[in-house]
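The values are calculated or read from the model by the stated rules, or taken from the named source; none is laboratory data. Computed from a prediction, not measured in an experiment: that's the story for all the values here. Note that each Cβ is placed from the backbone with ideal geometry, even for glycine, and that neighbours are counted across all protein chains shown.
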There are 2 protein chains.
Amino acid sequence: MWHELRSNRAMNLRASDIREAFKLCEDPSVISFAGGFPSPASFPQLSNTELANLLASPTALQYGPTEGLSELRDLIATYLVQKDIPTNRNNILITSGSQQGLDLVAKLFINPGDVVFVESPAYVGGLNAFHNYEAKLVGVEIDRHGMVPESLLSKIEKVQKLGLIPKLIYIVPCYQNPTGVTLTLERRQEIINLAKKYNIIIIEDNPYGELYYNNPPPKAIKTLDSDYHVIYLGSFSKILLPGIRVGFLVAHQEIISQLAIAKQGTDLCSGSIGQVFALEWLKKFSLEKHLTDIRVYYKKKKEICLAACEEFLPPNVEYTKPEGGFFIWLTLPKDVDARKLLPISIKEAKVAYVPGGGFFVDQRGENYIRLAFSQVEGDTLVEGMRRLGKVLEQALESDSSFFLQSTSKLNQLSLAK
Amino acid sequence: MWHELRSNRAMNLRASDIREAFKLCEDPSVISFAGGFPSPASFPQLSNTELANLLASPTALQYGPTEGLSELRDLIATYLVQKDIPTNRNNILITSGSQQGLDLVAKLFINPGDVVFVESPAYVGGLNAFHNYEAKLVGVEIDRHGMVPESLLSKIEKVQKLGLIPKLIYIVPCYQNPTGVTLTLERRQEIINLAKKYNIIIIEDNPYGELYYNNPPPKAIKTLDSDYHVIYLGSFSKILLPGIRVGFLVAHQEIISQLAIAKQGTDLCSGSIGQVFALEWLKKFSLEKHLTDIRVYYKKKKEICLAACEEFLPPNVEYTKPEGGFFIWLTLPKDVDARKLLPISIKEAKVAYVPGGGFFVDQRGENYIRLAFSQVEGDTLVEGMRRLGKVLEQALESDSSFFLQSTSKLNQLSLAK
């Protein structure tokens, strides 16, 4: 059998157990707060002529350099310098979305059993990337100001006592996925101090930093780094288009060289067509103006969503109030299992969300829900929240056996299908 | 220092020592036979309107499914069924070029020290992909009919005796990179028999199979597989456009599921813009007609190149006569070091090639040269071959100290720059 040929890391691969539930979302009557996708309404609106002009360069058709198009790296460097990240093209690697940045960093740094400190809860894609290289993931407490430095310190000490090797600290510092919280400037400083003291590299994954509703977030952790202790990941997926798969990784030049060699074995180079799109769009249009527009757009949706939380959610359900990004994080009473509730919610109430459990590296988190309001528009958003409120109300009223009964009923339905 | 944080596999990463030499190719007066890129003249010629129409679907802008767009997978399945590979969309994973297929397969199957049998010489990108996961690469002899089954058998037995675990056999069966040779049907059958007998998986990497000059190559090894012993890699990079980065991987459905989970942690999904381009182009235009055109185009170039080999190369330089693809493989007299000759060739004769050493996993191969004629047009091709002939002539006339002297001279030049 082929199974016996698999690598140890393959044994580590986990299929998402909520994937089956999401297949039910294909029903168009389901309102989904599940996928953290940007809204198509936030994409640049281009005429056919404009689109064709953007892609007219023959560069779009051919293989490109592994590090990415030089001109695009220069533009990104200019943008980063404005953000107080001193850099140039040699510090930048274009990646196929920032997910590839996570994969390459894991490839370069992780031996099986090495420790990656992650937010608890953390972005699932980050957990997967590190998990696939057999990292040991250690959750660090977060609160509404982001990762708690005292918790990080105590985890580092614990890990060292166990003789494990701490390698990376993975942080989504702004409008975090899944909670929406933002790391304060003070904590950014404390955390990089810890990284320097213990020689650990921070992976600062910042896809949402530009999507603030009112005031910009604190400066990037990378601005506090004078050498190699921060690898910064940026992405055009949320601020321009995900379909082009253009992300970028900023690091010490020597690290970039090594990551480029790793990338060469991984996909040779990122798609030129996507890179040329990003490059020519940035040259022809104003990113700042576009960002101003989409900040207004998402802010309005956030307000609708928070008002709907206020109106429809049962009073013993808590929720975060993000200052930017796509996500609201619900805390249900401890005995409610959001994972078990999901198929019922989709099947009966026609509303979907992501249960919180998958964002934790330990066995916690079944009483949490991540809502992504980014993709759901106006009235539908309100209607979806009304449905969700009702589902949660019923769940909280019933005793716990409600879930068990309903789940087994659903299983029978699935089997019958 | 950050170096001490690197993984064991990172210690395995090798920068190409000919990369520096290739920087010299940026000089526009250099004629390069180095990069195995398809010619822009072989790309579909599209008007602005056609291009914009191809990309008009909103699907091009958003994230897509990890497995790839269903409609594209269906079209690829139809194409493969015509090639006697019975398949459907569930056997297909869209990859970011077939290089990503190699990376994902290595991720799924390779533990450090596991054995991958490779052609000797083999495609460098394949070697890198496996090497990056700390595979032990074992070279298998090839001749003008491709991999030699007897050599494979003896290597398998040797590996087993050593207690190593054979996992994969990596083959580019048609118009191989770098030699241009094609595996015969008889050998395809013998090799899959060995794979079944010893429970090893064949990676059949076939980017050039459609680029035959006269007669189609033998049927894919995958057509001889009834279960899971062949993973087939295809690509649109050479037959349509590399800039879209669309490849595909064909395997047992269970393997596809596992690879899709691995891909999710690697880049979430391949670029939608590239996939939509491929999909809509395939729907709107005839791939068969396009292939007919580019076969004629490359055949003509091959003829020019072989005629120039005949005319300009010294008589003691041997060369392959491919039946398709992009490559001719030169065998120089044993004492000539093509790697040492390269900087001189570029700097003084203004002609570039890839020295053969990098394609071998052992210390052989310094007296080989790979020529890619795919990208060089008409008169330039002839002129490039004339220059190369002269370089080789001089090298063969001089004694070996010529190289040493010239190289150190060049090093001084580089240091002075």
When you scan the stretch A:43-112 for helices (runs of 4 or more DSSP H) that lie fully inside it, which ones turn up with 1 or more residues that are basic (K, R) and touching a residue at least 12 places away in the same chain (Cβ under 8 Å)? A:70-82, A:97-109
Is it true that some residue in the stretch A:259-279 is in contact (Cβ under 8 Å) with a residue 12 or more places away in the chain and either more than 14 Å from every other protein chain (Cβ to nearest Cβ) or farther than 30 Å from B:P40 by Cα (or both)? no
Does A:G139 satisfy the condition of being surrounded by fewer than 24 Cβ atoms within 10 Å (Cβ to Cβ), assigned to a helix (DSSP H, G or I) and not assigned by TED's automatic domain parsing to the domain that holds A:G35? no
Among the residues of the stretch A:284-303, write down those that are buried (at least 18 other Cβ atoms within 10 Å of the Cβ) and either under 19 Å from A:L330 (Cβ atoms) or within 20 Å of the chain's Cα centre (by Cα) (or both). A:I294, A:R295, A:Y298, A:K301, A:K302
On the given criteria, is A:L241 more than 17 Å from A:D84 (Cα to Cα), buried (at least 24 other Cβ atoms within 10 Å of the Cβ), under 17 Å from the mean Cα position of the chain (by Cα) and within 14 Å of chain B (Cβ to nearest Cβ)? yes
Scanning the stretch B:215-238 residue by residue, those of a type outside the set (K, R), more than 12 Å from chain A (Cβ to nearest Cβ) and either in contact (Cβ under 8 Å) with a residue 60 or more places away in the chain or outside any loop (DSSP other than H, G, I, E, B) (or both) turn out to be B:N215, B:P217, B:A220, B:I221, B:T223, B:L224, B:Y232, B:L233, B:G234
Condition (residue is under 21 Å from the mean Cα position of the chain (by Cα), facing chain A (nearest Cβ under 9 Å) and more than 24 Å from B:F236 (Cβ to Cβ)) applied to the stretch B:2-13: is it met by at least one residue? yes
Taking the stretch B:44-54 on its own, how many of its residues are at the interface with another protein chain (Cβ under 7 Å from one of its Cβ atoms) and within 30 Å of the chain's Cα centre (by Cα)? 1
Exactly one of B:L164, B:L168, B:L183 is closer than 20 Å to A:E4 by Cβ and assigned to a loop (DSSP other than H, G, I, E, B), and that one is B:L164
Checked the stretch A:312-343 for anything free of Cβ contacts under 8 Å to residues at least 40 places away in the same chain, farther than 29 Å from A:P216 by Cα and surrounded by fewer than 21 Cβ atoms within 10 Å (Cβ to Cβ); matches are A:P315, A:K334
Kindly indicate the residue of the stretch A:82-120 that is acidic (D, E) and within 11 Å of another protein chain (Cβ to nearest Cβ) and also nearest to A:K167 (Cα to Cα) among those meeting that condition. A:D114
Within 14 Å of B:L80 (Cα to Cα) and either part of a loop (DSSP other than H, G, I, E, B) or within 12 Å of chain A (Cβ to nearest Cβ) (or both): is that true of B:E288 in this structure? no
Evaluate the following for B:F327: is it at pLDDT 95 or above and more than 21 Å from B:Y208 (Cβ to Cβ)? no
Scan of the stretch A:21-42 for residues that are part of a loop (DSSP other than H, G, I, E, B), away from chain B (no Cβ under 12 Å) and in contact (Cβ under 8 Å) with a residue 24 or more places away in the chain, ordered by number: A:D27, A:S29, A:V30, A:F33, A:A34
Which condition number in (1) on the phi < 0 side of the Ramachandran plot; (2) surrounded by fewer than 24 Cβ atoms within 10 Å (Cβ to Cβ); (3) within 14 Å of chain B (Cβ to nearest Cβ); (4) in contact with a helix residue (DSSP H, G or I) (Cβ under 7 Å, 6 or more places away or on another chain) is the one that A:E134 fails? (1)
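Every residue, every condition in (1) of a type in the set (S, T, Y); (2) at pLDDT 90 or above; (3) in the same structural domain as A:K301 (by TED's automatic domain parsing), yes or no:
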{"position": "A:S7", "(1), (2), (3)": "yes, yes, yes"}
{"position": "A:A21", "(1), (2), (3)": "no, no, yes"}
{"position": "A:C25", "(1), (2), (3)": "no, no, yes"}
{"position": "A:S29", "(1), (2), (3)": "yes, yes, yes"}
{"position": "A:S32", "(1), (2), (3)": "yes, yes, yes"}
{"position": "A:P38", "(1), (2), (3)": "no, yes, yes"}
{"position": "A:N48", "(1), (2), (3)": "no, yes, no"}
{"position": "A:N53", "(1), (2), (3)": "no, yes, no"}
Residues being among the aliphatic types (A, V, I, L, M) and closer than 14 Å to B:G357 by Cβ - total across the stretch B:315-345: 6
Provide a single number: the residues in the stretch B:55-73 that are of a type in the set (A, V, I, L, M, F, W, C) and within 10 Å of chain A (Cβ to nearest Cβ). 4
